[in-house]
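Bear in mind that the values in this text are calculations on the coordinates, not laboratory data. What you see is a predicted model; the values in this text were computed from it and never measured. In this analysis, Cβ positions are derived from the backbone assuming ideal geometry, glycine residues included, and neighbour counts consider all displayed protein chains.
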Amino acid sequence: MTDTDLGAALPLPVASEDFADRLARRRSAPAQSLTGPGPSRQEIERILTLGARSPDHGKLFPWRFVVMGPQGRADLADKLLPLADRQPGADKARKVLMKLTAAPLTILVVSVPVDSQKVPVWEQQLSAGAVCMNIEHAANALGYSASWITDWYSYDAEAVALYGVKDGEQVAGFIHIGTLAEAPLERPRPDVAAITEWRD
């Protein structure tokens with residue numbers, strides 16, 4: 001990396017109890033419970049801009065976004081219904097389509113591997129996952145709730161073709177964004193001490 005690859009100096013991190021508290025209370029919303037209002041066009045652009053500030057080894061930008069409104073997702077769900085009938089557990093496969101249509105906004109994050117001798121595909125996929133998480137954080141910061149979901153239609157070849165996922169690409173997640181009428185309940189969290197090894 002040369003000096004010409006870098007921009008202006010950024011502020012150093014400062015302690016923020018508000019930020020720590022937000023992370024401590026982070027909770028995915030039930031996707032089927034998300035309603036309006038949703039983000040404005042300007043807010044969506046800000047959410048995407050913040051989401052793109054994610055770890056990205058090699059500055060490859062190995063992901064892209066598809067912003068999906070209500071009508072487009074309703075049409076998509078209709079096209080997915082025949083595919084749901086072919087899934088194991090067809091009843092459940094049909095029911096999860098409600099998650100796709102409930103929220104006022106969905107951002108589809110697509111993992112787009114870039115040919116690189118330096119950065120393994122796995123690291124590029126991790127970057128796409130980091131983008132999904134940052135989009136959730138950005139939506140929360142603007143006062144919205146969000147839900148990061150994949151479900152069967154993220155992996156079915158005929159399904160992903162419906163929303164333009166190309167050969168070699170993968171769905172990193174559908175990020176549903178909107179407003180909750182009631183606060184979500186807490187869920188079980190891991191015992192961090194049980195999964196942490198300390199080394200001197």
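Couple of notes before you dig in:
- Using every pair of separate Cα atoms, the Kirkwood estimate puts the hydrodynamic radius of segment 150-190 at 12.9 angstrom.
- More than 20 angstrom apart: percent of Cα pairs within segment 72-147: 53 percent
- Vicinal HN-Hα couplings computed from phi for segment 60-74 (Karplus, 6.51 cos²θ - 1.76 cosθ + 1.60; Hz; Gly/Pro x): 8, 6, x, 6, 8, 10, 10, 8, 10, x, x, 5, x, 6, 5
- Overall Cα dimensions of segment 1-85, principal axis frame, Å, largest first: 54, 33, 26
- Nearest 10 degrees, 0 to 90: helix 41-51 Cα axis against the chain principal axis: 50 degrees
- Dividing the Cα radius of gyration of segment 23-67 by its Kirkwood radius returns 1.04 for Rg/Rh.
- HN-Hα J in Hz across segment 155-172 - Karplus 6.51, -1.76, 1.60, θ = phi - 60°, x for Gly and Pro: 10, 6, 4, 5, 5, 5, 5, 5, 10, x, 6, 8, 4, x, 8, 9, 6, 7
- Candidates W148, W122, W63, ranked by Gaussian network fluctuation over the chain, Cα under 10 Å, top entry: W122
- Couplings for segment 23-28, taken from phi via the Karplus curve 6.51 cos²θ - 1.76 cosθ + 1.60 with θ = phi - 60°, read 5, 5, 9, 4, 8, 5 Hz in order; Gly and Pro are left as x.
- Simple spin-label estimate for K118 and T35 in nanometres, 7 Å along Cα-Cβ: 5.0 nm
- Across segment 121-183, Cα-Cα pairs more than 18 Å apart make up 46 percent of the total.
- Among the trypsin sites (Lys or Arg not before Pro) in segment 94-159, those placed in a DSSP loop whose Cβ has at most 13 other Cβ atoms within 10 Å are K118.
- Förster-model FRET efficiency, 25 Å R0, T196 and A24, C-beta, rounded to 0.05: 0.90
- Convex hull volume of the C-alpha atoms in the chain, normalised per residue: 193 Å³.
- Taking every C-alpha pair closer than 8 Å and separated by at least 6 residues, the mean separation divided by the residue count of the chain gives a relative contact order of 30 percent.
- Gained length - R94 relative to E182, 0.36 nm times residue gap less alpha-carbon distance: 29.1 nm
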